[in-house]
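Before any comments, here is the structure.
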Amino acid sequence: MSSRGPRLLEWQLGTVAELVQETPRVASLVLDVPDWQGHLAGQHVDVRLTADDGYQAQRSYSIASAPEDPRLAITVERLDDGEVSPYLVGEVRKGDKVELRGPIGGYFVWRATDDRPLLLVAGGSGIVPLMAMLRHRAAAHSATPTRLLYSSRSLDDVIYRAELERLGSAGDGLAVSHTLTRNQPPGWTGYARRIDRAMLAEVTWPKEQMPITYICGPTPMVEGAASLLVDMAYDPATIKTERFGATGG
């Protein structure tokens with residue numbers, strides 16, 4: 001699908017068709033956008049809210065849905081001091097209108113025609129654009145060898161938990177690994193620490209297989225994981241990063 005066009009930066013209205021509570025603090029908004037021109041897995045949109053007094057606030061949110069999906073989905077983490085996310089997670093209802101523009105971004109994108117081994121590294125809500133890639137991979141019936149390493153604070157904080165479990169057990173070349181950095185349930189067999197060199201070495205492929213890597217999450221995690229891979233002699237040109245800070249929302 002095209003990521004360009006004359007309507008790229010025009011504001012459009014989407015209608016909330018479905019709300020999915022992913023975790024206690026995270027929700028997905030599934031939108032009907034009549035004139036949506038399509039997007040690539042990994043792109044994002046701007047969302048703008050206008051108050052009764054005319055005050056406007058806007059934030060960027062990664063697209064969670066696959067390019068093949070007729071509806072557009074964004075997944076939002078509620079930040080208590082945010083201007084936009086508390087409305088999108090908690091106040092918005094089915095049938096409400098949401099003003100948005102996009103798609104935006106051409107660097108942090110993945111196409112299912114790319115058959116290089118795919119390494120995805122996510123922290124917290126950084127899973128969102130990577131989920132779009134995994135959904136695109138599934139919709140395209142791609143068998144590209146893919147590994148996801150997802151860092152969360154606790155099992156309850158794992159976004160798309162059931163869907164990731166289903167995709168990881170489909171037997172089509174996707175392996176999903178979790179690390180829980182703060183709390184682990186009894187009998188937990190996954191990782192239980194922050195992402196480090198040993199963890200990356202266990203999850204990824206030898207550098208000779210030249211995987212393409214996408215890393216998204218909080219800035220310290222993203223920079224740390226990317227630096228570790230570079231130190232492990234992976235080609236920096238094959239490591240794409242997208243980061244977000246602790247403010248905003």
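Quick note: the coordinates plus some simple rules give every number you see, no bench work behind them. This structure is a prediction, so every number in the text was calculated from the model and none was measured. Positions of Cβ are generated from backbone atoms using ideal geometry, with glycine treated the same way; all protein chains shown enter the neighbour counts.
Spacing of the modelled spin labels on Ala170 and Arg101, each 7 Å from Cα toward Cβ, amounts to 3.4 nm.
Taking Leu228, Leu72, Leu120 in turn, the Gaussian network model of the chain (Cα-Cα springs below 10 Å) assigns the largest fluctuation to Leu228. The slack in the chain from Thr189 to Val230, taken as 0.36 nm per residue of separation less the alpha-carbon distance, amounts to 12.0 nm.
Rounded to the nearest 20 debye, the dipole magnitude of region 58-113 is 260 debye, with +1 charges on Lys and Arg beta carbons, -1 on Asp and Glu beta carbons, and the Cα centre as origin.
For region 155-161, the Karplus equation 6.51 cos²θ - 1.76 cosθ + 1.60, evaluated at θ = phi - 60°, returns couplings of 5, 5, 8, 6, 7, 6, 3 Hz by residue, with Gly and Pro reported as x.
Between Leu155 and Arg243, the C-beta separation translates, for a Förster distance of 30 Å, into a calculated FRET efficiency of about 0.80. Less than 5 angstrom separates the built amide H of Lys240 from those of Thr213, Tyr214, Ile215, all sequence-distant by 5 or more or on a different chain. Reported to the nearest whole Å, the Cα centre-to-centre distance from region 119-198 to region 37-56 is 27. Ordering 99-107, 184-192 by mean Cβ neighbour count within 10 Å, with the highest value first, yields 99-107, 184-192.
Taking amide hydrogens as placed 1.01 Å from N in the peptide plane, the amide H of His178 sits under 5 Å from those of Tyr150, Tyr191, each at least 5 positions away in sequence or on another chain.
Annotation: aspartates and glutamates with alpha-carbon distance below 12 angstrom to Lys94 (same-chain offsets under eight excluded): Glu18, Asp32. Only Cα sites of the chain enter the Debye sum here, all with the same form factor; the resulting log10 I(q)/I(0) across q = 0.08, 0.10, 0.17 1/Å is -0.30, -0.47, -1.35, listed in q order.
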